[in-house]
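Please treat every number below as a calculation from the coordinates, not as lab data. Predicted model only: the values in this text are computed from it and were never measured. Reconstructed Cβ throughout: ideal geometry from the backbone, glycine too, with neighbour counts over all protein chains shown.
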Amino acid sequence: MERKKIFLGEEEIPRQWYNILADIKMNPPLGPDGKPVSPEMLAPVFPMNLIEQEVSSQRWIDIPEEVLRIYRIWRPSPLVRAFALEKALDTPAHIYFKYEGTSPPGSHKPNTAVPQAYYNKVFGIKRLVTETGAGQWGSALAFACAQFGLECKVYMVRVSFDQKPYRKVMMQTWGANCVPSPSTETKAGRDILAEHPDSPGSLGIAISEAVEAAVSDGSGRTRYSLGSVLNHVMLHQTVIGLEAKKQMEIAGEYPDVVIGCAGGGSNFAGLAFPFVYDKIHGRQVAIHPVEPTACPTLTKAPYVYDHGDTAGYTPLLPMHSLGHTFMPPPVHAGGLRYHGMAPTVSQLVVEGLLEPRSYGQMATFEAGMLIARAEGIIPAPETNHAIACVVDEARRAKEEGKAKVILFNWSGHGLIDLGSYEKYLSGSLRDFDYPAREIEEAGKILAKYPKPQILKSR
Ligand SMILES: *Cc1c(COP(=O)(O)O)cnc(C)c1O
């Protein structure tokens, strides 16, 4: 009988992360003076050991023993063959997913929360401040901080704070303090509230609040932590794809198509970058980051320099961006409501190594219902974007009569997101119109920044 799940032993957790900066050229982040940011300029925000990782171009970076010890709580994660979905779609495709929902917070996010808490602890930091969209990142960092005895403060996007109260309870259970953003605690939050008292918040605003709160804490023992976008976050997530490669080898297959949903790009990168490495070295594989049509960063936005946050506190990052003042419609996939994209993922799109896709909210929930009924697991609304693309690819394989191998990242379960399923089931969920006017308006801000070079690594 063909195997349903492929497990690795604990001793087979990869010992090193894969750093894609060894294999691609990148535009540097720029400071307020328009010059490349120096590591020292980031020192009030991040500990120096993480800054060193952020700029490292060493291909393989050792995973510390202490991090491996905590990874063992849920890693290696299973690789699962979606036989029942294949049957439901009557497709000759072989569909595999890497299941990241087995972590304590229920998503891929602790893969980086744990090393980030570890490196901060080693550097002598006592307290981390962060933001969260749907609450997945906040709960992952709260979990990681509890493991290392760090204090944790989380600014949570208002619309999710109201829609998903149980994420807040998870954070509190792990000892973190969670407040809705925009808040009155920071200048960034107060400025937004003065103009928009009913602001639903956005990741961009919450990042501004968290950065401001971290940097203005006078103790010198507080730093900021980000759950996606940055190079070191993509690095930590590659543990997903490195495990998946070993597991696909055991299954005796290699993917024709690799798929992940993309908000800031980290779970996608985690699965995809080890396969991008193969692609750079001549292997044929189609790789799709998938995003909401309501927040179409890779499929519609230009490759530019822009801030990572709404107030403009962060350096200018070279990335696809809708403009840092863009307020995405309140889609239920809160983790995908971000105006920008990881610079590494953006660079790979520029180089033509990735082919981004987008789906409307209804299509993603239809795909989520289909897989929940076939495979049993209820996906996070973010993951449903990847699944919508998988379903399309499997149907295409059927039309073409090809036994394609499809691999996707099941970034998290949806058990804390049942409110959105309730809306879908009661018929009150809807698609948002493509926010053309808002995107045009927000994009205007980009004209004043320098333009990144179009770099080709090969
Ligand atoms: C946060 C989150 C995402 C989106 O973030 P990325 O950095 O793009 O991975 C996707 N899926 C789940 C389950 C999440 O929690």
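Numbers below:
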{"read-out": "Largest-first principal axis extents of the Cα set of the stretch 194-298 (Å)", "value": "57, 36, 22"}
{"read-out": "Those trypsin sites (Lys or Arg not before Pro) in the stretch 70-132 that DSSP places in a loop and that have at most 13 other beta carbons within 10 Å", "value": "Arg72"}
{"read-out": "Rg followed by Dmax, in Å, when the stretch 75-167 is reduced to its Cα trace", "value": "17.2, 55"}
{"read-out": "Lys/Arg +1, Asp/Glu -1 at C-beta; the stretch 1-149 dipole; positive extreme among Tyr119, Pro36, Pro14", "value": "Pro14"}
{"read-out": "Stokes-Einstein diffusion coefficient of the stretch 195-245, Kirkwood radius over Cα pairs, 37 °C, 0.692 mPa s, in µm²/s", "value": "240 µm²/s"}
{"read-out": "Summed residue charge, Cβ within 9 Å of Tyr155's Cβ, Lys/Arg positive, Asp/Glu negative", "value": "-2"}
{"read-out": "Translational diffusion coefficient (Stokes-Einstein; Kirkwood radius from C-alpha pairs) of the stretch 1-85 at 37 °C, 0.692 mPa s, in µm²/s", "value": "200 µm²/s"}
{"read-out": "Ascending count of other beta-carbon atoms within 10 Å, so fewest first, for Val345, Val290, Val45, Val211", "value": "Val45, Val211, Val290, Val345"}
{"read-out": "Within the chain, helix-based [θ] at 222 nm, where runs of 4 or more DSSP H residues each add -39,500 (n - 2.57), nearest 500", "value": "-12000 deg cm²/dmol"}
{"read-out": "The stretch 311-458: proportion of alpha-carbon pairs further apart than 28 angstrom, %", "value": "33 percent"}
{"read-out": "Nearest 10 degrees, 0 to 90: helix 203-216 Cα axis against the chain principal axis", "value": "40 degrees"}
{"read-out": "Separation between Cα centres of the stretch 372-401 and the stretch 211-255, rounded to whole Å", "value": "25 Å"}
{"read-out": "Angle in degrees between helix 110-122 and the longest Cα principal axis of the chain, rounded to the nearest 10", "value": "40 degrees"}
{"read-out": "Semi-axes of the equivalent ellipsoid for the chain, Cα gyration tensor, largest first, Å", "value": "31, 24, 23"}
{"read-out": "Qualifying trypsin sites (Lys or Arg not before Pro) for the stretch 340-449 [loop in DSSP, other Cβ within 10 Å: at most 11]", "value": "Arg430"}
{"read-out": "Neighbourhood charge, 15 Å Cβ-Cβ cut-off, centred on Met369 and excluding it, Lys, Arg +1 and Asp, Glu -1", "value": "-2"}
{"read-out": "10 Å-binned pair-distance histogram of the stretch 15-163 (Cα, whole percent)", "value": "9, 28, 33, 21, 7, 1"}
{"read-out": "Sites Asn177 and Glu400, calculated FRET efficiency, Cβ-Cβ separation with R0 41 Å, nearest 0.05", "value": "0.20"}
{"read-out": "Cα gyration tensor, the stretch 375-448 - rounded (a/c under 1.5), prolate or oblate", "value": "oblate"}
{"read-out": "Convex hull (Cα only) mean projected area of the stretch 239-360, reported in nm² to one decimal", "value": "7.9 nm²"}
{"read-out": "Anisotropy class of the stretch 163-206 from Cα gyration tensor, a/c 1.5 cut", "value": "prolate"}
{"read-out": "Length-normalised contact order of the chain in % [C-alpha pairs under 8 Å, at least 6 apart]", "value": "19 percent"}
{"read-out": "0 to 90° range, to nearest 10: angle between helix 136-148 axis and the chain longest Cα axis", "value": "80 degrees"}
